[in-house]
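Working notes, beginning with the structure itself.
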Amino acid sequence: MAEANPLDAVPDEIPFDTPYGPPISLDRAQSVISTAVAAAKKRNWKMNVAVVDSGGNLVAFQRMDNAMLASIQIAEHKARAAARFRRPTKVFEDGINLMHLNYLLAFDDVIASRGGIPLIEGGVIIGAIGCSGGTDSQDEIVSDAGAAVVNQLPVTTK
């Protein structure tokens, strides 16, 4: 018997259906960046960090000393993709590398590299952070640190 095609599954709800909200302010964007840069400095990683608004437009950017120049555009691309597609860019990386959904590469503005994370406040997307300069896993750690300024995870008790 042939395996079922996972793409034939019909979810009850639209995935990644977080609504777009008002754009992140410059002050908040700079706070996100400074936290991300502090996390990178702790590890002696040189990063480019971008924050975009809820429409994917650049609000703030910082290039750490000696960060790779090619990563400037990559950081911005990760942030834009996370905001516009309403999901972390790791979802695209996993979709291509683990699930072999190569059609994702045909979508405009997709980047299959982790390090782009939506910034969600009050249940709406106010922007996104994108980091680049290290490995994908390093980029994700720095983005996670910056995103934590806005994305407050619920407290769990055991």
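The values are calculated or read from the model by the stated rules, or taken from the named source; none is laboratory data. Every value quoted in this text rests on a predicted model; they were computed, and no experiment measured them. Glycine also receives a Cβ, built like all others from the backbone with ideal geometry; neighbour counts cover every protein chain displayed. Ligands, DNA and RNA are stripped out before the accessible areas are found, and what is left, the full protein with its side chains, is counted by its heavy atoms. Shrake-Rupley method; radii C 1.70, N 1.55, O 1.52, S 1.80 Å.
Restricting segment 21-32 to residues that are in a helix (DSSP H, G or I) and of a type outside the set (S, T, Y), which is most open to solvent (accessible area, probe 1.4 Å)? Result: D27. Scan segment 37-82 residue by residue and report those that are farther than 14 Å from G130 by Cβ and touching a Cys at 6+ places or on another chain (Cβ under 7 Å). Listed by number, the list is empty, since nothing qualifies. Residues in segment 11-34 that are of a type in the set (A, V, I, L, M) and at pLDDT 95 or above were compared, and the one that is nearest to R63 (Cα to Cα) is I33.
Restricting attention to segment 41-57, does a residue exist that is among the charged types (D, E, K, R) and at pLDDT below 95? Checked segment 41-57: no residue is among the charged types (D, E, K, R) and at pLDDT below 95.
The residue pairs whose first member lies in segment 133-144 and is charged (D, E, K, R), whose second member is crowded, with 24+ Cβ neighbours inside 10 Å, and whose beta carbons are closer than 6 Å, counting only pairs six or more residues apart or on different chains, are D136/R114; D139/G115; D139/C131; D139/S132; E140/R114; E140/G115.
Only one entry in T18, T35 is over 29 Å from L104 (Cα atoms) and either open to solvent by less than 80 Å² (accessible area, probe 1.4 Å) or assigned to a helix (DSSP H, G or I) (or both), namely T35.
Where strands (runs of 3 or more DSSP E) fall entirely within segment 43-149, those with at least 1 residues that are surrounded by 15 or more Cβ atoms within 10 Å (Cβ to Cβ) and in contact with a His (Cβ under 9 Å, 6 or more places away or on another chain) are at 48-53, 116-121, 124-132.
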